[in-house]
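Rule-based calculations on the coordinates, nothing more; no lab input. If you're wondering where the values come from, they're calculated on a predicted model, not measured in any experiment. Counting neighbours? That spans all protein chains shown, and the Cβs are built from the backbone with ideal geometry, glycine included.
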Amino acid sequence: MIDSFTFMINDDDVLALRNAVAHLADSGYCEVRVLERLELSDISGLLWRALPIYREEQLSVRDVLTSAIDLFLLQGAIPPTEFDRLFNKTDQDALIRTGVLFIDDKGFALARVSLFPVGNLLIFSDHAWCKLPHPGCAEVPYDQVMSVGADSRWLERITLRRRVGSALDLCTGSGIHALLAARHSQRVVAVDISQRAARCTRFNVQVSGAANVEIALGDLFEPVDGERFDLITANPPFVPSPLNSLGFRDGGRSGEDVQQRIVTGLPHHLTQGGIAQIVTELGERDDNLISDRLRRWLGDAPMDILILRLREHSAANYAIGHAQGDYDFGEFLDSVHDWAGNLRAQGYSRIVSVLLVFQWSDPESGPPWTRSEEAPPPLRYAGIEVEKLFNAERITRKADFHEILERSKLLRAGQIGLIESRVLGTALQANAQAQLLGTALPIIQWLDPLEKTILELIETPLKYLELLALSGDLNLDEKTVFTAVSLLIRRGLVVLISDQDCN
Ligand SMILES: C[S@@+](CC[C@H](N)C(=O)[O-])C[C@H]1O[C@@H](n2cnc3c(N)ncnc32)[C@H](O)[C@@H]1O
């Protein structure tokens, strides 16, 4: 019987383990190289069901990178020859002494925890596939620390990476977001209610050498009572479950026990000018919209909310996807019944994966607003794009927006892909779908014919008054053009530049 990993390390071993991990990184073990080798566009696309295929197709050439991927990401076992090529004797000793790796009775090396590449950062956490018959895996206790999953990566990609004084990562799990924030924050506090998760975060902090991360064991904001932060990140448990046994994913019957308390706490913990970013899932029905609930949870705090809707599941599909009883049809159908019944009782007809962004409202931009956009999950860094969406929304709401417009030139924000649709046999005009190309958040926008015409007109930077003159030739009045231009700016398809920037 092999004990589960405890995420505890002697002070004397920290440096040795840090060196071993650094040597692994030097050998090319990072997200980009792993993706290339596995021929994946997104590392979240890794499937345990495909393990034999990866090994036979993508990992058939057994070089150092292959061995590292097999050992630290695919929960594999590597033979002594590969182990000796991957690590020198000092690193091997450090990894075995600290319990990260062990050698089985055939001399193969196996890992008790996975090491997830996130860009060029390496994060230890419990294995992703805890049901695989892998020693060190079946023994992982109930309070398993969440692996770096798709939702962890979505949050990583939209978090705004600007220099800040203080950052707070709630529900930190492995500590991934705390460690990323440590790179651009003076001080980071990482909070988790699970002792094992807090130990895992401490372990990762020790191995990374980051000196500015404090780890707090506790319930959400309780350990930071009275404090405010410039950046707050959270990936809380969110599954609306009838079971109360899903560990780090369990969000209670409504799924929103934790989210609600986080959103309610934001006004007391976010600095003016700060930003809070949350990845989660929320239930919804046409008469019970996520946007309304978030606003209610904020109370009367004047905050703007951006909701990026990434994926939607019908309640039925969600229930089927979560039901348990793989080997027993009767058990499985009973479980579907329980899950579907719970979702119905909560008043949800669909479950939506969302990225939520909160900022204090700008008084010059009028009352607080909530904006909702459909966007597929980001495949790369999208923090700046999120900030641009906020800024575009705010500028169009300013009382003096009209004057700002008259002082500036208009420019298309970049290359725009257009798909036109026509309804044949009717008098309806054509509409088009527009997408700003090359973005990490590829939001698709509907354009009416006027908006499309304006986009075509601003081939080169154009003053608003020049645009009005051109539109006059098309018999368009100022108010119509103003509304259309505002919408194009708000959607990020058109940007304003000052006269000086054009020269
Ligand atoms: C979905 S995991 C997220 C882990 C990590 N942040 C990530 O993105 O990979 C949720 C984490 O929230 C923690 N958690 C649950 N309830 C909490 C609470 N009331 N206060 C603090 N942490 C909590 C769980 O222990 C778990 O580690």
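Can you compute the label reach from GLN272? Point 7 Å from Cα along the Cβ direction, backbone N cut-off under 16 Å, restricted to the stretch 344-375. Those under the cut-off are 359-366. When peptides 10-23, 212-225, 145-158 are sorted by average Cβ neighbour count within 10 Å, with the highest value leading, the order is 145-158, 212-225, 10-23.
For the stretch 7-47, which GluC sites (Glu not before Pro) are both in a DSSP coil and crowded by at most 10 other Cβ atoms within 10 Å? Kindly include the intermediate steps, with their values, before the conclusion.
On the way: sites: GLU31, GLU36, GLU39; in loops: GLU39.
Within the stretch 7-47, the qualifying GluC sites (Glu not before Pro) (loop, at most 10 other Cβ atoms within 10 Å) are GLU39.
Counted over the stretch 400-502, the DSSP beta bridges are approximately 100% antiparallel. Going 7 Å from the Cα of HIS402 in the Cα-to-Cβ direction, what parts of the stretch 468-500 have a backbone nitrogen less than 12 Å from that spot? Output list for this probe position: 478-480, 482-483.
Take the Cβ-Cβ distance between ARG49 and THR480 as r, set R0 to 60 Å, and report the resulting FRET efficiency rounded to the nearest 0.05. Step by step, r from the Cβ atoms, then E = 0.65.
To the nearest 500 deg cm²/dmol, what mean residue ellipticity at 222 nm is calculated for the chain from DSSP H runs of n ≥ 4 alone, each contributing -39,500 (n - 2.57), summed and divided by the residues?
Details: 18 runs with 185 residues, N = 503.
Helix contribution divided over all residues of the chain: -11000 deg cm²/dmol.
Mind pulling the per residue volume of the convex hull built on the Cα atoms of the chain? Å³ is fine. It is 191 Å³ per residue. Were the residues from SER498 through ASP257 laid out at 0.36 nm apart, the gain over their Cα-Cα distance would be 82.1 nm. When only alpha carbons are used to place a centre, the stretch 155-224 and the stretch 77-113 end up 29 Å from one another. If R0 is 45 Å, the Cβ-Cβ spacing of SER291 and ASN10 corresponds to a FRET efficiency of close to 0.35. Give, to the nearest whole percent, the P(r) tail of the stretch 11-125 beyond 19 angstrom, counting all Cα pairs. Considering the stretch 11-125, 41 percent of its Cα-Cα pairs are separated by more than 19 Å.
Per-peptide packing, taken as the mean over residues of other Cβ atoms within 10 Å, places 111-118, 464-471 in the sequence 111-118, 464-471 from highest down. When you filter the trypsin sites (Lys or Arg not before Pro) in the stretch 322-407 for DSSP loop state and at most 11 other Cβ atoms inside 10 Å of their Cβ, you are left with ARG380. Using a cutoff of 8 angstrom between alpha carbon atoms and counting only pairs six or more residues apart, the relative contact order for the chain works out to 10 percent. For the chain, the residue among ALA216, ASN288, ILE454 whose Cα projects farthest onto the positive side of the dipole built from Cβ charges is ILE454. Count Lys and Arg as plus one, Asp and Glu as minus one, and take only other residues whose Cβ is under 12 Å from that of PRO449; the net charge is then -2. Helix 11-26 and the longest principal axis of the Cα set of the chain meet at an angle near 60°. Taking the DSSP bridge list for the chain and keeping only pairs wholly inside it, about 65 percent are antiparallel. Listed by chain and number, the lysines placed with their C-alpha closer than 23 angstrom to that of LYS463 are LYS388, LYS398, LYS409, LYS452, LYS479; residues fewer than eight positions away on the same chain are left out.
Counting Lys and Arg as +1 and Asp and Glu as -1 over every other residue whose Cβ lies under 12 Å from the Cβ of ILE305, the net charge comes to 0.
Judged by the mean number of other Cβ atoms found within 10 Å, the most tightly packed of the peptides 233-241, 316-324, 295-303 leads the ranking 233-241, 316-324, 295-303. LEU355 sits among other residues whose Cβ lies under 12 Å from its own Cβ, and their net charge, with Lys and Arg +1 and Asp and Glu -1, is -2.
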